[in-house]
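Visitor: Supplied in structure tokens, the structure appears directly below.
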């Protein structure tokens with residue numbers, strides 16, 4: 001299957017604590033340090049990829065996202081399966097020109113190494129596939 005992957009690495013805003021002004025810029029994947037709040041909200045804007053919706057399908061791929069509690073796209077909740085460490089979500093509707101992802105992450109249950117940091121967390125990408133290559137789970 002041929003796919004074009006657009007990784008959403010940089011440009012994430014990490015909102016921690018109860019203060020909206022407590023924002024840190026991060027790049028994914030990230031190793032969460034000791035002492036970081038137990039729940040964070042990650043937000044990131046992105047532009048609609050230029051695709052031919054008749055011939056191509058778009059999905060949102062999330063890998064290494066243990067602790068993902070909630071996902072919103074443009075303010076609308078996206079249903080999550082029970083298994084949340086790796087998932088691919090078809091984006092069946094036409095995306096607007098500007099989009100915003102928001103992730104609520106529970107850091108408390110994450111395992112830490114001997115230094116107190118977690119394993120690298122969060123590989124998130126838009127994936128474009130040709131509809132005739134997309135297989136049985138095609139959008």
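Table: residues versus (1) under 24 Å from residue 23 (Cα atoms); (2) surrounded by 15 or more Cβ atoms within 10 Å (Cβ to Cβ).
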residue	(1), (2)
44	yes, yes
62	yes, yes
86	no, no
96	no, no
100	yes, no
105	yes, yes
114	no, no
130	no, yes
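Visitor: Considering only residues that are out of contact with any strand residue (DSSP E or B) (no Cβ under 7 Å at 6 or more places or on another chain) and over 19 Å from residue 73 (Cβ atoms), which ones fall in region 39-60?
Guide: Matches in region 39-60: 52, 54.
Visitor: Considering only residues that are more than 19 Å from the chain's Cα centre (by Cα), in contact (Cβ under 8 Å) with a residue 60 or more places away in the chain and closer than 23 Å to residue 129 by Cβ, which ones fall in region 31-53?
Guide: Once the filter is applied, which keeps residues that are more than 19 Å from the chain's Cα centre (by Cα), in contact (Cβ under 8 Å) with a residue 60 or more places away in the chain and closer than 23 Å to residue 129 by Cβ, region 31-53 yields only 51.
Visitor: Checking residue 74 against (1) at positive phi; (2) surrounded by 17 or more Cβ atoms within 10 Å (Cβ to Cβ): exactly one of these is not met. Which one?
Guide: Unmet for residue 74, out of (1) at positive phi; (2) surrounded by 17 or more Cβ atoms within 10 Å (Cβ to Cβ): (2).
Every read-out reported here was derived from the displayed coordinates using simple, explicitly stated rules and does not represent laboratory data. None of these values were measured; they are calculated from a predicted model. Methodologically, a virtual Cβ is constructed for each residue, glycine included, from the backbone with ideal geometry; neighbour enumeration extends over all protein chains shown.
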